[in-house]
Amino acid sequence: MTVEEVTSKLQSLQDDPSMQTYSKYSPTASDWPDSRLPFVEIHLAYLRTHKTVNPAHYISNLELIIKKR
């Protein structure tokens, strides 16, 4: 998956009301309101730092974890 595809998929998860997507406080997130990283940025940062993780599998597992039941 390309970075654009990953970003697009994460954005669609964030926009889906049936998913629990939260922002997270980070002292280094000065570009975002209230220093809170958006859901998409949190997971993109994880994938950037963990190069061996398969993005398709990561997003698939993430979908299962954040689904509202």
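What pairs can you find where one residue is in the range 24-47 and of a type in the set (V, I, T), the other is loosely packed, with under 13 Cβ neighbours inside 10 Å and outside any loop (DSSP other than H, G, I, E, B), and their Cβ atoms are less than 8 Å apart, with a gap of 6+ or different chains? Listed pairs, sorted by first residue: I42/K24.
Each row is one residue, and each column tells you yes or no for (1) over 23 Å from K67 (Cα atoms); (2) of a type in the set (D, E).
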site: E4; (1), (2): no, yes
site: D31; (1), (2): yes, yes
site: S35; (1), (2): yes, no
site: F39; (1), (2): no, no
site: T49; (1), (2): yes, no
site: V53; (1), (2): no, no
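Among (1) surrounded by 11 or more Cβ atoms within 10 Å (Cβ to Cβ); (2) over 14 Å from the mean Cα position of the chain (by Cα), which single condition is H43 missing? The failed condition is (2).
For (1) modelled with pLDDT of 95 or more; (2) of a type in the set (S, T, Y), each residue gets a yes or a no:
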| position | (1), (2) |
| --- | --- |
| Y22 | no, yes |
| P27 | no, no |
| D31 | no, no |
| V40 | no, no |
| H57 | yes, no |
| E63 | no, no |
| K67 | no, no |
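Based on what the data block shows, is E4 acidic (D, E) and in contact (Cβ under 8 Å) with a residue 24 or more places away in the chain? No, not satisfied.
Would it be correct to say that I42 is touching a Lys or Arg at 6+ places or on another chain (Cβ under 6 Å) and not small (G, A, S)? For I42, the condition - touching a Lys or Arg at 6+ places or on another chain (Cβ under 6 Å) and not small (G, A, S) - is met. The set of residues in the range 13-31 that are exposed (fewer than 14 other Cβ atoms within 10 Å of the Cβ), hydroxyl-bearing (S, T, Y) and farther than 16 Å from N61 by Cα comprises Y22, Y25, T28, S30.
The values are calculated or read from the model by the stated rules, or taken from the named source; none is laboratory data. Keep in mind that this is a model prediction, so the values were computed, not measured. Backbone-built Cβ (ideal geometry, glycine too); neighbour counts: all protein chains shown.
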